[in-house]
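Below is one structure; the comments refer to it alone.
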Amino acid sequence: MIHVIATIELREGTRARFLTEFARLVPDVRAEAGCIEYGAGTDLSTSLDGQAPLRQDVVIVVEKWADVAALARHLAAPHMAAYRTRVGGWVVSVSLQILAPAGD
């Protein structure tokens with residue numbers, strides 16, 4: 001299993017529209033072979049020490065995949081290409097952290 005943290009920086013004021021499109025995508029992704037977990041999150045204001053500054057124009061996608069091959073198939077899936085076309089004008093940048101579980 002692998003973990004993926006995708007950080008998506010958006011153009012100012014587009015987060016709500018982006019999340020609507022993302023929600024449309026989720027059922028297709030969760031149906032993919034090898035998908036274990038797939039969901040979006042946004043920064044939550046808390047009073048906890050050490051929390052990073054809030055980012056209004058960032059969405060974090062937390063994913064778990066069976067293996068790197070499943071992630072590669074996901075990234076090449078037709079529904080992902082269609083999604084990228086729909087949200088492309090709102091996205092400033094995307095970065096992926098691909099992680100191996102440690103010490104299970």
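The values are calculated or read from the model by the stated rules, or taken from the named source; none is laboratory data. Since the structure is predicted, the reported quantities are computational estimates derived from the model, not experimental observations. For accessibility, only protein heavy atoms count, side chains too; no ligands or nucleic acids. Shrake-Rupley method; radii C 1.70, N 1.55, O 1.52, S 1.80 Å.
When the Gaussian network model of the chain links Cα atoms closer than 10 Å, the mean-square fluctuations of ARG11, ARG55, ARG30 top out at ARG55. Using a probe radius of 1.4 angstrom, the carbon and sulfur fraction of the accessible surface of the chain is 57%. Over the chain, what relative contact order in percent results from Cα pairs under 8 Å that are six or more residues apart? Dividing the mean separation by the residue count of the chain yields 50 percent.
A 1.4 Å probe run over the chain, with the rest of the protein chains in place, finds 60 Å² accessible per residue. Note on the stretch 10-57 and the stretch 76-104: Cα centroid distance 11 Å, given to the nearest whole angstrom.
Rolling a 1.4 Å probe over the protein heavy atoms leaves TRP90 with an accessible area of roughly 50 Å².
Computed with a 1.4 Å probe on the full set of protein chains, the accessible area for SER93 sits at about 50 Å². Top mean-square fluctuation among THR14, THR46, THR85, Gaussian network model of the chain, C-alpha springs under 10 Å? Result: THR46 has the largest fluctuation of those listed.
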